[in-house]
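Structure record follows, encoded as structure tokens.
The values are calculated or read from the model by the stated rules, or taken from the named source; none is laboratory data. Computed from a predicted model, the values in this text were never measured in an experiment. Cβ coordinates were reconstructed from backbone atoms using ideal geometry, including for glycine residues, and neighbour counts include every protein chain displayed.
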Amino acid sequence: MKAYLELIKIDLKLALRLRTVIFFNYLFPLIFFFTFGTVFRAGQSASAVTQVMTMSVALGVLGNGLFGAGIRSIQERELNILRRYKVTPITPGPLLVASMVTGWMIFLPYIVVLLSLSHFFYHMPWPQHTASLLVFISLGLVAFRSIGLVIASVANNMQEGTILVQLLYFPMLFLSGATIPTSAFGPILQIISGFIPATYLVKGIKGIMLQSQGLLALGSAVAAMILTAVLGWFVGMKLFRWEKEEKIRASAKLWVLAVLLPFLVMGVWQGLHRKQEPAVDLKSQAIQKTSAPSGSALAP
Amino acid sequence: MSTQPIIAVHDLRKSYDKLEAVKGIDFQVQEGEVFGLLGPNGAGKTSTVEILEGLRSRSAGGATVLGFDPDRQKQQLKDRIGVCLQATNLPAKIRVQEALELFASFYTRSVSPEQLLKRLQLLEKRNAFYETLSGGQKQRLALALALVNDPQLLFLDEPTTGLDPQIRLEIHGLITEMKAERRTVVLTTHYIEEAERLCDRVAIMDEGKIVAMGTPRELQQKSKSQSRIQIICNQPLNGDLPQWPDAVECMLGDDKREMTVHSNRPARTLFEIMKWLDQQGLQLEDVHLKRPTLEDVFVELTGKKLRD
């Protein structure tokens, strides 16, 4: 336990000492928040500000998970920092737990800031299920940080890691509804969207924010996050490498498929039971100013 | 006092695919001993040491370290040993004291960071970020981290490589202190003078095998190379030089004042030379006796230089 606490304490200190961490965890997503807010006229409707809020959270979770956990882990291996830990009695467990907890502790204030800005700046009512929202976002964060750790495990060097992260990050950003609502997609893109892990993150947040759903009502989204977190954690531990010289066997990379399995299953299921989402005109939505009072549930 | 060896290695082998890096080596290290592993890159010394540290699995043979099997009891073993790696790093923004506190938390027993900072002359740097430390300070911190669990056995992998002579001497001083504390040290090095100065026993490795093992003096004595006696007189020597007992070769310098004699029994030859100089009425200005070094022994045994 002493090692866990000490690692979390140091990880937190190190993160807060790096300007890049502050920039990419707080300032960078906030730039997007205000940009989205302006484009979608967030101040004019609850659904518009909720869409903006969801986009900003998803952007933050993806960045924190894939870049924060994934790239940082590769960096530590490349710089021979993990090699120094390897000669001590510590196992990968405390290192991964510390990374997870630190990522979560750094991310949570950002959510509070986003909620406050949305409320005070764009007049978004407070969500009815704030606890559910925070728990779901935390689950999403753990799931995407687990994916980040898996990327770190299978990438043999920084170059490979960056390519892998980009390959996941951009499709997730554009095809999950995080930036463009899925209702604006054509039928094929909507099917593809069902295979994207971030889609379930976005759906979950929207479900809580727009439809006042609790965690239990978000069954598939919650299950996808939990399953991804568990599988990602398992694979991350199994393939953990301390040294850059330890190259991963090509066959071991198949473990990555295990992490993506829940999304393959859910994508197929969604594809088979799909109903075309009605097309949404965000611009006209934004013009209709909401009359929902502060503190009430958000209008869907 | 226990006579059980701290390290016992029997027919140890390590293969990487088709490459056999360690080809069946045997040795033991006793308590309080500084044991050196000498050899060029690719000799198999790093593989050997990493197997003993529990970092790599052996392909065949047996090894026990502090009574533990490094393959099966990795965590228990790592808890009891200290390791100073050659190529390692810490996060740029970690402070010196934080690093010590962090690593201390990994072990079941630890020394107070203040004590280590004082001992390794890092007290003034306790709040400095790792990235701001000089090469010597980083190496001192690496040694402090290796000592954080008060280990009975230390593995030092090329601890002075790339450091300037002053820092190297400081590190030598620290290793001597560890020896005085009856800690057992396994030292891998490229530097002959380091091995000669610090090690009680040395194993010379080449192509995965131990080609010679013993105290530095024993190894030097086994050498077929001769000692070199160098003499400088106050005035030029005239005429031919006599054939002194056990002298293999005699050479006179251009100024005829300097003489170099190779001998199999330098003490006897030197005594005869002194007698002859006295008979000739010559005054001695300077005399040097150079025994074969471990480098000479190494070249003789392997046909290679240590830094090949």
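At a glance:
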| item | result |
| --- | --- |
| Count of residues meeting criterion [of a type outside the set (Asp, Glu) and either assigned to a helix (DSSP H, G or I) or more than 7 Å from chain A (Cβ to nearest Cβ) (or both)] in the range B:67-107 | 24 |
| Within the range B:46-66, tally of residues that are surrounded by fewer than 17 Cβ atoms within 10 Å (Cβ to Cβ) and part of a loop (DSSP other than H, G, I, E, B) | 2 |
| Matching residues, the range B:120-138, being over 28 Å from the mean Cα position of the chain (by Cα) and not in a helix (DSSP H, G or I) | B:Arg126, B:Asn127, B:Ala128, B:Phe129 |
| Pick from the range B:108-131, criterion more than 13 Å from chain A (Cβ to nearest Cβ) and of a type in the set (S, T, N, Q), ranking: nearest to A:Lys13 (Cα to Cα) | B:Ser112 |
| Selection count where residues are in a strand (DSSP E or B), surrounded by fewer than 18 Cβ atoms within 10 Å (Cβ to Cβ) and either modelled with pLDDT of 85 or more or within 22 Å of the chain's Cα centre (by Cα) (or both), scope the range B:214-251 | 3 |
| Residues (in contact with a strand residue (DSSP E or B) (Cβ under 6 Å, 6 or more places away or on another chain) and in a loop (DSSP other than H, G, I, E, B)) located in the range B:1-24 | B:Pro5, B:Ile6 |
| Lone qualifier among A:Ser73, A:Ser146, A:Ser118, A:Ser99 - being assigned to a helix (DSSP H, G or I), closer than 30 Å to A:Gly43 by Cβ and in contact (Cβ under 8 Å) with a residue 60 or more places away in the chain | A:Ser118 |
| Some residue of the range A:76-92 being assigned to a helix (DSSP H, G or I), of a type in the set (A, V, I, L, M, F, W, C) and away from chain B (no Cβ under 13 Å) | no |
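Matching residues to (1) under 18 Å from A:Ala152 (Cβ atoms); (2) more than 14 Å from every other protein chain (Cβ to nearest Cβ); (3) surrounded by 21 or more Cβ atoms within 10 Å (Cβ to Cβ):
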position	(1), (2), (3)
A:Met1	no, no, no
A:Glu6	no, no, no
A:Phe24	yes, yes, no
A:Thr35	no, yes, no
A:Thr38	no, yes, no
A:Val52	no, yes, yes
A:Gly60	no, yes, yes
A:Leu66	yes, yes, yes
